[in-house]
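What follows is a single structure, written as structure tokens, with notes after it.
The numbers here are math on the coordinates, done by the rules we state, and not lab data. Being a predicted model, the structure only gives us computed values, none of them experimental. A quick note on method: Cβ atoms are made from the backbone with ideal geometry, for glycine too, and the neighbour counts reach across all protein chains shown.
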Amino acid sequence: MNSTLRHLLALSLLALASCAGQETTRTGFLSSGYDKLQPTKEHPEDLIYVNPTYVPANYTKVVIDPVAWRPAEGAPQRDARVVNELKDDFAKSLSQALAKKLAVVPAGSADGPADGGVLRVRGAITSTRRANWYVNAPLMLVGAPPVNAGGASVEIEVLDAGSGQPMVALATFNNGMPWNVLGYYQKFGHARRAFDLASELLVEQLARQRN
């Protein structure tokens, strides 16, 4: 294939892949609001808030609410089956990540919020994009970068389960990683990776002792 054909193919597929990127969202899901959320030096593309009074050592348990589906304005619609699958995937990511630092307990159990020292996590999927293999594969064959990676945006809020006071909040997103080649061929491979990264970011903020 000569360079002209490669160029035309790339332009055509680029047009098909328009609106493929994710970004931070402000859907109104966070009960604590968005005014205090700011990017950090370590995470300049994310919006993060940590309550100055938050002390990691004060908490040993966490309750995770069912993940919400809260599409931002303009976010693609998904059928009920896909929505439920993605919500389950995000819930799994949150549970696995939080379990590394805290005991995950069911709401209302004997080991739940009544004992104190418990955090309540609320998470919402606010946007998703599919990776389209039929767009990405031809570009990769001609040496061009894939342009329809897929991805997801989420918002997460952590409350003191007893008082309801917000401890941590964040809005984050991910558009896929170049080294995760398989994700370019799976509809929601990079969206699920976004859930994992968001959960890891949350745990990082919860674990960090601030002066």
TODO: List the residues whose amide H sits under 5 Å from the amide H of G162, counting only those 5 or more places along or on another chain, with H placed 1.01 Å from N in the peptide plane.
DONE: V118
Task: Sorted peptide list for 187-193, 41-47, criterion being average Cβ within 10 angstrom, highest first - done: 187-193, 41-47
Task: Anchor K61: lysines whose Cα lies under 26 Å away (excluding residues fewer than 8 positions away in-chain) - done: K36, K87, K92, K100, K101
